[in-house]
Each structure stands twice: as structure tokens, then as C-alpha cells.
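Novice: This is the structure I want to talk about, given as C-alpha cells.
The values are calculated or read from the model by the stated rules, or taken from the named source; none is laboratory data. Because the structure is a prediction, the values reported are computed rather than measured. Ideal geometry is used to build each Cβ from the backbone, glycine not excepted, and the neighbour counts take in all protein chains shown. For the accessible areas, the whole protein counts, side chains as well, though only heavy atoms, and no ligand, DNA or RNA atoms are used. Shrake-Rupley method; radii C 1.70, N 1.55, O 1.52, S 1.80 Å.
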Amino acid sequence: MKYIKYFLLFLFIPFIALAKNDVEIKSVSLVDKSEEVTELEKAKYNGLKLDFSLKYINKNDYAKYRVIIKNNSDKDYEVDSQTTFNDGEFIKYEYTIDNNKKVLKGNEELTMFIIITYFKDVDDSKFIDGKYNEKNNVYIELSNDNIIEEGEKNIISFVTNPETNANEEIVFIVISAILCILIIISLKDIKTKTFMLIIVLLSTPIFVNALEKIKIDVETYIEIDKNSTMYIKTNDCDKNTYQEIEYFFDYTYITDMTFREFFNSSKYNELTPSEKNIFIEFFENPNYVGGREITFEYYELKTCDDFLEMPENASEEEMDALYENYNTCRKKYLIEDINLDSKIISKKKGFYFFKNDGVCLQ
């Protein structure tokens with residue numbers, strides 16, 4: 001009877017040693033993303049683990065990755081037809097299988113696309129200094145269970161896994177088997193021992209089948225950043241040459257802030273006195289040196305000048321039409337009515353121009 005426990009353990013050990021080599025991640029690459037999504041680190045893989053680290057700014061920003069999975073065994077692994085997994089409160093996870101393959105066949109590859117989307121605005125209360133981040137841990141589970149009724153059983157599944165270890169099932173099964181062996185050994189009645197032994201041996205295929213699963217860990221770090229940057233151009237006078245010079249500044253603010261909110265924020269308090277002076281000159285002393293104007297110019301404003309390129313011998317009607325188009329263009333791409341309650345516009349769209357026409361008047 002003492003050999004029974006060694007025999008049973010022998011049934012588990014080979015499978016545990018070889019299972020990890022059945023399937024491997026061959027490559028992972030970013031294939032598409034929203035314009036303002038940033039990879040904080042390139043996607044990584046190590047063995048059967050994937051790591052994604054991303055920064056989002058706007059709702060509906062997304063990143064799409066191609067993951068190639070290689071099956072090194074002769075076994076076929078079933079693929080579930082579901083498309084979403086572990087939707088968080090603000091982040092949604094989806095996947096698609098290239099060519100809608102249902103099976104990862106032995107010694108073949110499968111291409112999976114994982115899409116991570118910022119689909120719901122984070123509550124303002126959750127942001128710290130304009131940033132919110134979360135970590136998540138899920139896993140992909142592939143099974144080679146041969147008894148499958150399509151549509152009734154999820155064989156590849158993405159499961160929330162915040163703290164558990166991917167090997168817990170294996171540990172549980174091994175411990176259970178050891179306990180069964182110890183109980184059998186402790187029994188004195190031969191018939192009972194025989195009966196219990198038969199039960200354990202009949203259960204072994206079930207245990208082994210349960211172990212025929214490959215888990216690919218997917219770990220994500222998501223950062224949502226509401227910090228934006230405004231771009232400011234202003235002019236001054238070089239007192240040595242009395243030539244007008246221009247200065248360019250970047251200022252960080254929280255998305256959707258007004259200038260009034262900016263003045264009352266830590267972002268403004270962190271500025272140097274000279275940086276603060278740019279705002280003070282306009283908002284607190286608009287008549288500074290003959291009058292300072294502030295406008296916001298979209299980058300497209302420069303295209304309006306194209307309407308001034310009039311053909312030779314243009315008629316009066318043609319000239320009027322061109323000027324009308326020019327003025328319409330300027331109204332579209334130039335904002336002149338700016339005050340403390342105006343929402344700040346990002347440098348991605350254009351720049352503010354704090355202009356003083358009389359800066360070098362003596």
C-alpha cells in the first residue's frame with residue numbers, strides 16, 4: 001500500500017511540469033490607438049504573462065494590441081466566442097480572434113487582438129492632482145477539454161484575478177490527492193481501502209483534465225490624466241535695441257478649467273512670479289502699456305490667408321467674395337472675446353496670443 005501514494009503523485013508531476021510549455025506568447029505589439037493615448041511602457045511579455053501600461057486623457061480613448069499565441073503541443077485548445085472580459089468601472093476590456101478561429105490547433109498559432117478602452121468618465125473626486133490610476137490583473141484560460149457543446153461552455157475566459165495565484169488549482173488538487181492517500185493509508189479495513197483506492201483512481205482523469213488548462217496572466221496599469229497644457233505666445237520690447245521680441249510659454253492646467261478656476265488652483269500657485277505676470281498683465285491690468293489684447297488662434301487660422309491670394313484682374317465681385325470668405329475663416333479660427341470665465345483651450349488646438357501693439361513705443 002505504501003507504493004500507492006507514489007503512484008498517484010506520479011500521475012500529477014509530469015503534467016504539472018509540461019503544462020507550461022504547451023502554449024506560449026510569441027509576440028505582442030501595439031497596432032492601433034487613439035491619438036492622445038500614451039504607452040507609459042512598451043507592452044511586455046514573459047513566459048505566459050502580459051503587461052500593459054497606458055495613459056489615457058479622453059473618454060473613449062483606446063489601445064489595441066496584437067498578441068500571437070503559439071501552441072507547442074499536439075493538443076487542440078478551444079476558444080470561446082465571447083468578446084468582453086472584466087469590464088471595470090471606467091476601463092473596458094475586449095478581445096477578438098483573427099479569422100474568428102474557434103480552435104488553437106496543435107503546433108499552430110493564433111492571433112488575438114486585445115482592446116483596452118477608457119469608456120466612462122472617472123469621478124472628479126477620484127483624481128489626485130489631476131491623475132487617477134488603477135491596476136488590474138486578469139487571466140486568459142485555455143482548455144483542451146474534449147467534451148464541448150458549442151455555445152454552452154466558455155473554454156477561453158478572461159477572469160478577474162486581483163490576488164490569486166495562477167497555480168492555486170494545481171496546488172489544491174495535489175493537496176487533495178495527498179490527503180486522500182493519507183486517509184487511505186490510515187484505514188485498517190482492507191475492503192474500505194480498496195474501495196477508496198478505486199474512487200481516487202477513477203477521479204484521477206477528472207483531476208488531470210482539470211489541470212489541462214493554460215493560464216496567461218494579463219496585468220494592466222492604467223493612468224487617466226486630466227492635466228492639459230495651454231500654449232501662450234506674448235511679446236515684449238528689447239530695451240537695448242527697442243526691437244519687438246516674442247516669448248513662448250507652456251502652462252499646465254486641469255482639463256475643462258476656466259481661467260478663474262486656474263487662478264484659484266495649485267497649478268497657478270506653483271508658477272514663478274514672471275510666469276504669473278503674463279496673466280496679471282492681461283486679467284488685472286488690461287490697459288498695460290497702451291492696451292494688451294488676448295486672442296486664441298487655432299492652428300488653422302493661417303489657412304485663412306489663402307483667400308487673400310487674389311487672381312490678377314479680379315472683378316470687384318470676386319474680391320468681395322474672397323474677403324467674405326477670409327473674414328468667415330477668421331471668425332471660425334480666431335477667438336477674441338476671452339475673459340476669466342472662458343474655458344481654457346489646449347495647445348493641441350492652438351495657442352493664446354497676449355499681444356501688445358505698442359510694446360516698443362518710447
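Novice: Which value results for Rg/Rh of segment 253-362 when Rg is the Cα radius of gyration and Rh the Kirkwood radius based on the inverse mean 1/r?
Specialist: That ratio is 1.10, to two decimals.
Novice: Please work out how much accessible surface Tyr139 shows to a 1.4 Å probe, ignoring ligands, DNA and RNA, in Å² rounded to 10.
Specialist: My reading of the accessible area for Tyr139 is about 30 Å².
Novice: I would also like to ask the following. Gain in length, Glu309 to Leu334, computed as 0.36 nm per residue apart minus the alpha-carbon separation, to one decimal in nm?
Specialist: Answer, rounded to one decimal: 7.0 nm.
Novice: Provide the net charge surrounding Thr303, with neighbours chosen by a C-beta distance below 12 Å and charges set as Lys +1, Arg +1, Asp -1, Glu -1.
Specialist: Around Thr303, the surrounding residues sum to -2.
Novice: What is the packing order of peptides 40-49, 230-239, taking the mean over residues of other C-beta atoms within 10 Å and listing the highest first?
Specialist: Ranking the peptides 40-49, 230-239 by packing returns 230-239, 40-49.
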